[in-house]
Structure formats: C-alpha cells, structure tokens
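Only one structure is covered here, and it is reproduced in the block below.
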Ligand SMILES: [Ca+2]
Ligand SMILES: [Ca+2]
Ligand SMILES: [Ca+2]
C-alpha cells in the first residue's frame, strides 16, 4: 500500500512522464523523450548508439504497458500508474529491475561529459528531455546537492531515487527529485 506521501510523489512523477499532457502515459510520451535525448546527444538516426537507446526506451514502455495497463486500452492512466508502483515498490526484485537499474542507466545517459558525476547543466538536460524548465532543474539540483559541491555522484543520485520511491519521510530532499509534488 502506498502512503499518502508516496501517492503525491508518484502522481507528480506521472505528470512528468506524461510529456504530451494528454492525461495518460503512453508510447507517444516515451517517443517524445527519446527524440529529445537524440537531439541532446546529436545522435544520428540508425547509428548503433541510437539503436541501443531506442530499444531500451521501447522495451521499458512495453514492460510498463504489460504490467500497468490493466484495462488494456494501450496507455497507463493515473490509477493504473499508482497501482503499478504500489506493487513494484514492495517487491525487491522488481524494484531492482524497474527502478534501480533504470535509474543508474539514466545517470549514465545524462553524465554527458563522462566524469562520473551529474553537474547542474547535466541535470538541466535531464529535466529538459521531460519538458521541465531549467529554472526548476537548478532549484531542485541545489536542494539535492546537500554538500553544495555542484556535483551529484551515482551514490547520491541513487539515495535520492530511493528516498523518492520508497521513502516516507516528509523532510527527505529526494522527495523533490522531480520537482514540487504538493
Ligand atoms: Ca501522455
Ligand atoms: Ca490503461
Ligand atoms: Ca558529468
């Protein structure tokens, strides 16, 4: 069972994923994010890197649709989304494969300069592919970067991810990983 705080955070996360704002998470949202990542990295269509990335995104959508789209209308509405996360968060194996491994893959994608940490500009890029503003990205980055060194390591990022998905502490900074949720 999700707590009220978890429901609020995951409802916020839903609006982030619903990039085209049609009230559902669907294939079009994943395609739009993928297209934004392509532009960000200047990927040539059909190149090996482009193909790997496309496959990862489309596989993720298929997996989400299969487990979350319970009324089988081809997209995931907010109720289905919350039911889905309620199951995943309580199952360690599924949490590892559907949250932790994806988060570390995203970390790699957005560590554009490959120095092993996410800086504020890279965090802005991350927000940007989901259509979120640079101003919000900078604000959230400052909140998350507790020691203020302007860099987020994979370990710090994963801490935030766990706080966001599994945590129920109203004061945890990771609650705001995807922006304000109240
Ligand atoms: Ca949508
Ligand atoms: Ca559905
Ligand atoms: Ca970096």
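Nothing in this text is a laboratory measurement; each read-out follows from the coordinates by a stated rule. Being a predicted model, the structure only gives us computed values, none of them experimental. Please note: Cβ atoms are built from the backbone with ideal geometry, for glycine as well, and neighbour counts cover all protein chains shown.
In table form, for the structure just shown:
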{"read-out": "The chain, relative contact order [Cα under 8 Å, separation at least 6], %", "value": "26"}
{"read-out": "Among 32, 94, 138: highest mean-square fluctuation, GNM of the chain, C-alpha pairs under 10 Å", "value": "94"}
{"read-out": "Taking the C-alpha atoms of region 57-146, convex hull volume expressed per residue in Å³", "value": "132"}
{"read-out": "Extent along principal axes [Cα atoms of the chain; Å; largest to smallest]", "value": "44, 44, 30"}
{"read-out": "Cα-derived Rg over Rh, computed across region 99-182 with Rh taken as Kirkwood radius", "value": "0.92"}
{"read-out": "Inter-site label distance for residue 104 and residue 171 at 7 Å from Cα along Cβ, in nm", "value": "3.1"}
{"read-out": "The chain - mean residue ellipticity at 222 nm from DSSP helices (-39,500 (n - 2.57) per run, n ≥ 4, rounded to 500)", "value": "-19000 deg cm²/dmol"}
